[in-house]
1. I'd like to know which of LEU130, MET69, ALA85 lies farthest towards the positive end of the charge dipole of segment 63-178, counting +1 on Cβ of Lys and Arg and -1 on Cβ of Asp and Glu.
2. Sort TRP183, TRP230 so that the residue with the fewest other Cβ atoms within 10 Å of its own Cβ comes first and the one with the most comes last.
3. Using θ = phi - 60° and the Karplus relation 6.51 cos²θ - 1.76 cosθ + 1.60, list the HN-Hα couplings for segment 204-214 in order, rounded to whole Hz, with x at every Gly or Pro.
4. Magnitude of the Cβ-charge dipole of segment 99-227, K/R +1 and D/E -1, about the Cα centre, nearest 20 debye?
5. Tell me which residues come under 5 Å, amide H to amide H, from THR272 once H is placed; ignore anything under 5 positions away on its chain.
6. Mean 1/r over all different Cα pairs, inverted: what Kirkwood radius does segment 221-303 give, in Å?
7. Please report Rg (one decimal) and Dmax (integer) in Å for the Cα set of segment 87-155.
8. Using only alpha carbons, build the gyration tensor for segment 261-303 and give me the equivalent ellipsoid semi-axes, biggest first, whole Å.
Amino acid sequence: MHRRWLVGVLLAGVTLLGACGDPASGPDAVPPAPSVPGTSPTTHQRAAASPTTPAKAPTVLYLGDSLAMENQKVLGRELRRDLGARYTSAPYSGTTLCDYLEGTGERSLVPDADKAAALVRSVRPDFVVLQFWGNAWGYTPCMDGITYDASRARYFERYAADARLLTEQITAAGGTRRPRIVWVLQGPDPITPDRVRRVNALYEERAAAAGDLVADAGRAVSPASARYTWAQYLPCTAYERAHPDYCTQPGSDRTALHRDDDYLHFCLAPTTSTPKPCPVRSPGILRIAREITRVVDEGARSH
């Protein structure tokens, strides 16, 4: 049974990364935040400050892959409600750090207008939140065919170099108003648990070197005593018990983080090939969004 499950999730993983893990619409939709019409998935969202808002409401830019694609509406809602934040999101499914680098041209899945530096220059954010699983299978051309399976040393060397270059480009674009980067740590992966651990360590090292921040959102979707052990279900939190829509199995006091057919993403709606935010209430996505919001809040209050 274990072997059959492992083969199944491997095949599902290949399919999902190729399809970018994008959820289809469903009946219990999370109310979407307003977006600016256009061909780019970039969305601009704003709300009035709440009584708990820091003295200066932060401007937040959110970039990432399919995990960010499915999270973006919920994160925007949390940031706007709790911090009164100005919020811009421009995730692209199937991407990794190099896709957001300027100078990658046709080898990138991200258009020039939505490169990290370009958006920093236009949006002038206080925080740039980066959420990337790590694209270990060479889905995007800008990785030049370097994959985790074929050459782990080259993969991590390249990933570290891209993280450093992306930090430098964001810094240069910010000028005298250099935004702080929030590196989002990823949750457990049942197929390559050590890879995720090392990618997270790379994010932590880069944040420490540049004076940036880390949001350990992955811990919020991990067992309390086993940070890198994958779990489809976890005990409901106090918040989820108080909001029953997010405690999917109240009789067992546990909630679903993943669908049976998708070990990577946290949206509880089926996946399709059309990129879009998650349309249903999904406990894993809310846990991730709340942790990112908490870190942005702390960062805003410390300045």
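None of the figures in this text is laboratory data; all of them are computed from the coordinates on show. What you are looking at is a predicted structure, and each value in this text was computed from that prediction instead of being measured. Every residue, glycine as well, gets a Cβ built from its backbone with ideal geometry; the counts of neighbours run over all protein chains shown.
1. Result: ALA85.
2. So the ranking, lowest neighbour count to highest, is TRP230, TRP183.
3. 5, 5, 5, 4, 5, 5, 9, x, 9, 10, 10
4. Charge dipole, segment 99-227, about its Cα centre: 300 debye, nearest 20.
5. Sorted by chain and number, the residues that satisfy this are ASP22, ALA24.
6. 14.0 Å
7. 12.9, 39
8. 28, 10, 8
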